[in-house]
Amino acid sequence: MSQLTLEERVQHLEDVEAIKRLKHQYMEYGNVYDADGFITLLTEDTVWDGGEAFGRHEGVEAVAQMVRDAGSQINFSAHFVMNELIDVDGDRATGKWWLLMPCTVNSDSGGEAQWIMAA
């Protein structure tokens, strides 16, 4: 990055911060299972892949339904993201972060406390 101009370096930092803000807004909508808010952050060709635990969902409506379904199963959650590694290259970016999520899930005995950790 040292060969970039000052303007390019500032733009890079602004892009990284915008991505962080987007991800944090995503987590806020996830905390309250707000499907309508959640999908405002997605593109039409979005793919949400939650692995074996949460499945793969393609398209905005499929993701919205997944959020609604999760909200009916989880009484409480707090999504914490950390250790963000975000790489910006022009108009493309990739990222990786850790999710730590305490939650209460519906069960036969009431609410079951769980911790979810994912990358």
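The values are calculated or read from the model by the stated rules, or taken from the named source; none is laboratory data. Computed from a predicted structure; not experimentally measured. Reconstructed Cβ throughout: ideal geometry from the backbone, glycine too, with neighbour counts over all protein chains shown. Ligands, DNA and RNA are excluded from the accessible area calculation, which covers all protein heavy atoms including side chains. Shrake-Rupley method; radii C 1.70, N 1.55, O 1.52, S 1.80 Å.
Taken together, the residues in segment 41-57 that are surrounded by 11 or more Cβ atoms within 10 Å (Cβ to Cβ) and either under 17 Å from R92 (Cα atoms) or of a type in the set (V, I, T) (or both) amount to 4. If we keep just the residues of segment 98-119 that are under 11 Å from Q73 (Cα atoms) and at pLDDT 90 or above, which is nearest to the chain's Cα centre (by Cα)? Once the filter is applied, the top-ranked residue is C103. With respect to the conditions (1) modelled with pLDDT of 95 or more; (2) outside any strand (DSSP E or B), A70 lacks only one, and its number is (1).
Please indicate, with yes or no, whether at least one residue in segment 32-47 is part of a helix (DSSP H, G or I), farther than 29 Å from D108 by Cα and β-branched (V, I, T). Yes, the conditions are met somewhere in segment 32-47. List every residue pair whose Cβ atoms sit under 6 Å apart, with the two residues 6 or more apart in sequence or on different chains, where the first one lies in segment 82-95 and is open to solvent by 100 Å² or more (accessible area, probe 1.4 Å) and the second, anywhere, is in a strand (DSSP E or B) and among the charged types (D, E, K, R). That search, which allows pairs on different chains as well, returns L85/K96. Would it be correct to say that E61 is part of a helix (DSSP H, G or I) and open to solvent by 100 Å² or more (accessible area, probe 1.4 Å)? Yes: the conditions hold for E61.
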